[in-house]
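None of the figures in this text is laboratory data; all of them are computed from the coordinates on show. Quick caveat: nothing in here was measured; it's all calculated off a predicted structure. Glycine also receives a Cβ, built like all others from the backbone with ideal geometry; neighbour counts cover every protein chain displayed.
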Amino acid sequence: MDLPNGESRELKADILRPATGDRLPLVVFLPGGAFLRCNRAMAFDVRRHVAASGFVVASVEYRVVPDGGTYVDSVHDVRATLAHLRQHADDFGIDPRAVALWGESAGGHVAALTGVTSDLPEFAGDSGPASTGVAQAVVDAFGTSLFSAIADDFDEEPRLHYQRTATHFSAYVGKAGALLSEIPEAVSAADPATYVTASAPPFLLLHGSDGMLVSPSQTQHAHKALLSAGVESTRYVVAGANHGDFGVLADSDAALAWSSATVMNVITEFLHRHLDSADLPG
């Protein structure tokens, strides 16, 4: 992948699957990292749990701000990876008809945005249109949506910070150095809720009631847009749970709720319900 600074970066994926010869549905996992990093090794235990329940789970990299990437580039990267995995379905034992996107934090944003833009050519990149849709289901765990409201549930200090400071989110929407309040159209263009139509796949959204980095109202914002369009959407607020990213929270217990049997069962049951269906296209 060529970067704006003239360097190149090879985007990679880590793939987990049960030891079976059966073709299995594909779950593409998008790591978090505040759009500043994308480490495909993250969340190994939960990825392994989902794979063991009967899926091929591919944790994939996508371009972020230090790469010069924007939200459009991230979606292009996910689409390109998905196209590659579908083309090599035989090599990985994948059922190419049955695909879900699952992201955490920044990855939740990218998963949601990829899921609702499958019909828009500006988000296709070099992958071209997906004949069976980009995904049949989306899981968005504590993801962002509308950057200008990311701190709306927090105290005055963080709200004022985002109002008065040009953050990396501005760069991610293609307007580096600008205040979010100065670029409402760009902020809206990066918001998954902007693109929701009745053709969007089913969504599962999760957030922690005590999330300290992304306001819980972010997933509520996306959830309302999905329901308004008539899309199947289920949202859970996990009582007492914080943001689940080990990489940015000092509290070693911060992500425990996100690997609990209760949460993992909700995720795997949702994935099986939508990817094991006999009604998938042939």
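Subtracting the Cα-Cα distance of Ala89 and Thr234 from 0.36 nm times their residue separation leaves 49.2 nm of extension gain.
Given in Å, the Rg to one decimal and the Dmax to the nearest whole number for the Cα atoms of region 168-218 are 13.6, 36.
When log10 I(q)/I(0) by the Debye sum over Cα atoms at q = 0.09, 0.14 Å⁻¹ is calculated for this entry, the matching label among [x] -0.48, -1.02; [y] -0.38, -0.96; [z] -0.62, -1.16 is [y]. Where Rh is the Kirkwood radius over the Cα pairs of region 97-183, the temperature 37 °C and the viscosity 0.692 mPa s, what D in µm²/s does Stokes-Einstein return? Estimated via Stokes-Einstein, D reaches 224 µm²/s. When you count the other C-beta atoms within 10 angstrom of each residue and take the mean per peptide, 210-218, 226-234 line up highest first as 210-218, 226-234.
Projected over all directions and averaged, the alpha-carbon convex hull of region 63-146 occupies 5.7 nm².
Between His161 and Asp276, the simple spin-label model (points 7 angstrom out along Cα→Cβ) gives 4.3 nm. Each eigenvalue of the Cα gyration tensor of region 1-158, multiplied by 5 and square-rooted, gives one semi-axis; in descending order these are 25, 19, 15 Å. A Stokes-Einstein calculation at 10 °C with viscosity 1.306 mPa s, built on the Kirkwood radius of region 137-200 over Cα pairs, returns a diffusion coefficient of 125 µm²/s.
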